[in-house]
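The values are calculated or read from the model by the stated rules, or taken from the named source; none is laboratory data. Quantities reported herein were computed from a predicted structural model and do not represent experimental measurements. Positions of Cβ are generated from backbone atoms using ideal geometry, with glycine treated the same way; all protein chains shown enter the neighbour counts.
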Amino acid sequence: MVRENCGKFALLLIVAFVCTSPAAAGSIAVYGSTAGFIPELHADRFSVAYAIPVQSGQLLDENVANVTGPSIQVIFIGGDDSFAPSTASEIEQAVWDGKILVVSYPATGKFGDSLPFSGSGVVPGADYLEVASPSNKISQAVFADLASRFNTTTPVTQRLAATSKAGTSTVLKYSTGEPALAYRKYGSGYVIGWTLESPSSYLGNEDADTVIFRLITALLEVQQGAMPTTATPTPTATAPRTTGNVTIHSNPLGATVFLDGLYRGVTPLELSGIPAGYHSVKMTMEGRYDYDGSVYVVVGETVTAFGSLQKQEGRGISEETQAPPTATPSGSGSDSPLSSPVVIGGAITAGIGAFVTIYTQRLKK
């Protein structure tokens, strides 16, 4: 008991020390992991003002005011999801007021409306990640001198199967088309979400740090009005762009796609020149239930829509093996019920049964 209390006291001393460190411009708060970001490599740009270095939801609950303090600019929430829903709500409110939240699976389970994607279960990792929107200004800034595809280096046992929400910009997607790294504006702030716990499994430590650092700084510049999020119009353009692009994926692949009720092809599918705003997405495939959803197209950007088509339950044997009725030529006299082979056969069987019964009764007498 004494050793346990000493350990807790030492942890609180660490937290208190970090909390009382002088906060500088670009101050960050950290709970658990940082989703690949390495603060020590960017001490000239960001300063860790508050940190809870262990995964203790109770400590986060008790110190959420420090995590969301006025000097904090970026909040990292990673690792477990043992903190209270009310703590997640306070963090979301801080994001709404202008902060940036970087959250990774499984901590994503405690956040709702603010997330750039919605989860639909846990699945194994895919083979690789690739840049989802190469024409996006922020993606161009993030991957300026990096690869556009990252193969997994260590097996990923589980990740969140997610679908992008309206207004989401997907930065990295899996080989299956689902979002791996995405961001979405929430109030005056932004939420950056990873659907896996350790991005370094695909990117390695160096590239994972570079990607998240550049993404954070790019969004800060957007907040300050120093960087546009969409492509710059060409000098010959006579009117502002009003369309965007949509990439549509499904699980399994090969689903028929209808956008706003019109057939557009089969997945995987890339559509360009789609008017900005909400559009209905319907996917169909034989033997599977239809997928009905929507996608929000952003001017000048490429957004991703993903749908999962569940298998239909097997029909009964009688339904599938029952033969259709045979048509009878008109004028053949078959309209009479006695002309039916079934009726005639039934009558013969009934007659034989009656005869046997009468004969048996006579023998008994």
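Structural remarks
- Boolean, THR256 is in contact with a Phe, Trp or Tyr (Cβ under 8 Å, 6 or more places away or on another chain) and modelled with pLDDT of 90 or more: yes
- The single condition among (1) in contact with a Phe, Trp or Tyr (Cβ under 9 Å, 6 or more places away or on another chain); (2) not in a loop (DSSP other than H, G, I, E, B); (3) not aromatic (Phe, Trp, Tyr) that GLY167 does not meet is (2).
- Single residue of region 113-132 satisfying the filter (among the hydroxyl-bearing types (Ser, Thr, Tyr) and over 10 Å from the mean Cα position of the chain (by Cα)) that is surrounded by the fewest Cβ atoms within 10 Å (Cβ to Cβ): TYR128
- Number of positions in region 133-157 that are surrounded by fewer than 16 Cβ atoms within 10 Å (Cβ to Cβ) and in a loop (DSSP other than H, G, I, E, B): 11
- PHE76 vs. criteria part of a loop (DSSP other than H, G, I, E, B), at pLDDT 90 or above and closer than 25 Å to THR157 by Cβ: no
- Restricting region 271-306 to residues that are touching a Lys or Arg at 6+ places or on another chain (Cβ under 8 Å) and among the acidic types (Asp, Glu), the residue that is farthest from PRO134 (Cα to Cα): ASP290
- Residue match in region 48-56 (condition: on the phi > 0 side of the Ramachandran plot and at pLDDT below 90): no
- Residue under evaluation SER89, criteria (1) surrounded by 18 or more Cβ atoms within 10 Å (Cβ to Cβ); (2) outside any loop (DSSP other than H, G, I, E, B), criterion not met: (1)
- Residues (in contact with a strand residue (DSSP E or B) (Cβ under 6 Å, 6 or more places away or on another chain) and not small (Gly, Ala, Ser)) located in region 243-258: THR243, ASN245, VAL246, THR247, ILE248, HIS249, ASN251, THR256, VAL257, PHE258
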